[in-house]
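The values are calculated or read from the model by the stated rules, or taken from the named source; none is laboratory data. Worth saying up front: this structure is predicted, and the values here are computed from it rather than measured. In this analysis, Cβ positions are derived from the backbone assuming ideal geometry, glycine residues included, and neighbour counts consider all displayed protein chains. Quick note on the areas: whole protein, heavy atoms, side chains included, nothing else; ligands and nucleic acids left out. Shrake-Rupley method; radii C 1.70, N 1.55, O 1.52, S 1.80 Å.
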Amino acid sequence: METPAFLDRDRPDVPDIVVPGGVTPFHLAGRPVRGRLIRPGKLADAILTRHNHAPAISALGGKALALVAGLASALKFQGSFSLQIKGDGPVSLLLADCTDTGGLRFYARQDQGQLDALLASGKQVTDRDLTGNGYLALTVDQGPEMDRHQGIVEITGDSLAEMAMHYFQTSEQHACWTMLAAKHTDAGWRSGGLILERIAGGGGSEADTDLSDGLDEQGEDAWNTALALAGTLTDAELLDDALPAEELLYRLFHEEDLVVGQSRALAYGCRCSKAKLSDVLSRFSDDDLDHMVEDGVIRMTCEFCNHDFCFGRNEVGALSVAD
Ligand SMILES: [Zn+2]
């Protein structure tokens, strides 16, 4: 006999996808420029299609995934790196995060009334139309033992890339340039990003702390050249599965002493499981649990996977606490 769903303690039926070359770091030798090319490939489709969002919201989500994957890969941390946008637009909350091992998740809360009105207006919808006015936060969370590092800025700009660049202008010491794209293609949803950072010195060495090197005229020229070349990248190239990352980077920067680094994997990153949610439920009182029963079961939804976990009333409560 098949195990009834409410007795199944395994992970839900969510995609187990790993994209080996999801993020490709690079630098331009002898120049104060380093960057990352982010291409989650079919992973973008797997994550975005867990939800039935309007295409404009999925596109915003795809860009958010590329952004957090690119930013997280440049940091040394253990835990999760997250982007959170809270605004007064049709997407009242957007959350995308990436773990130190490249696990990606995305969630957007939408206001259906506002969204319907926006889509009915017939205008070309920008990321800003979706978020409205509010705040954008980037957070490194390394667990309860460690300090959380968080930066918050007001939402500024029409696109998510502009919002991110405003964040860097406000919060970071060095210049940063970002391009993000997401689109529904014949192969499903695809997203991608290119991030350039102006660093101290040349050659992409993180140990180089001589700021004066990177700020001279030559450094300025090299940075501007890199920006001009990056600006020729098209959405179509960025989202083309058939165009390998190295080849795309070579197209852009082959005259600038491009050095491509070791690529990093991205993966379907939700950590939800029935066992984890059972643990959450065990902290409620029996009275609370009684009130949570509907149609004979207690239903818990993972908002990232859009997956319902169902528990029989006798499965949860004081009895399920192990200690
Ligand atoms: Zn989940």
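Numbers below:
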| read-out | value |
| --- | --- |
| Scope the range 264-291; condition within 16 Å of the ligand (Cβ to nearest atom), more than 14 Å from residue 105 (Cα to Cα) and open to solvent by less than 80 Å² (accessible area, probe 1.4 Å); matching residues | 273, 274, 275, 277, 278, 279, 280, 281 |
| Residue satisfying all of: in the range 292-317; in a loop (DSSP other than H, G, I, E, B) and within 16 Å of the ligand (Cβ to nearest atom); farthest from residue 16 (Cα to Cα) among these | 303 |
| Residue 251 being more than 16 Å from the ligand (Cβ to nearest atom) and either free of Cβ contacts under 8 Å to residues at least 60 places away in the same chain or surrounded by 12 or more Cβ atoms within 10 Å (Cβ to Cβ) (or both) | yes |
| Test for residue 90: is it in contact with an Asp or Glu (Cβ under 8 Å, 6 or more places away or on another chain) and modelled with pLDDT of 95 or more | yes |
| Pair list, Cβ < 7 Å and 6+ apart or interchain, from the range 275-290 residues that are in contact (Cβ under 8 Å) with a residue 60 or more places away in the chain to residues that are outside any helix (DSSP H, G or I) | 275/9; 278/311; 278/316 |
